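Below is one structure, written out as structure tokens, with a few remarks after it.
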Amino acid sequence: MEEGPARDGLRILLVEDDPDHAELVRRGLEEYGSRLQLTHLGDGEAALEYLRERAPRDAPGRPHLILLDLRLPRIDGLEVLREIKGAPDLCDIP
């Protein structure tokens, strides 16, 4: 049985501290409707916790794509990106 975006829909993790920017992204993706699951987190620390808990390889809630603001509170986006790309279970998520 096929897995991934074609069967389950596209799961996107949006890491953005500005609620207005997050709303703009959400509106831009509205046309995908139920084929899209958007999870929004407001800081880098929350993003890393989420990914460590819910996104190991083969996890059912693993995002297909991460949209990452680079200027974030707590842990900035560049550090989040370094952590993601340095983690064997996460490094293949675009």
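The values are calculated or read from the model by the stated rules, or taken from the named source; none is laboratory data. Bear in mind that the values here come from a model prediction, so they are computed numbers and not experimental data. Cβ coordinates were reconstructed from backbone atoms using ideal geometry, including for glycine residues, and neighbour counts include every protein chain displayed. Just the protein is used for accessible areas: all its heavy atoms, side chains included, with ligands, DNA and RNA removed. Shrake-Rupley method; radii C 1.70, N 1.55, O 1.52, S 1.80 Å.
General remarks:
- E30 passes every criterion in (1) surrounded by 16 or more Cβ atoms within 10 Å (Cβ to Cβ); (2) farther than 12 Å from L14 by Cβ apart from (1).
- Positions within region 43-77 being under 22 Å from V25 (Cα atoms), open to solvent by less than 60 Å² (accessible area, probe 1.4 Å) and either assigned to a loop (DSSP other than H, G, I, E, B) or out of contact with any strand residue (DSSP E or B) (no Cβ under 9 Å at 6 or more places or on another chain) (or both), in sequence order: D43, L48, A55, G61, R62, P63, H64, D69, L72, P73, I75
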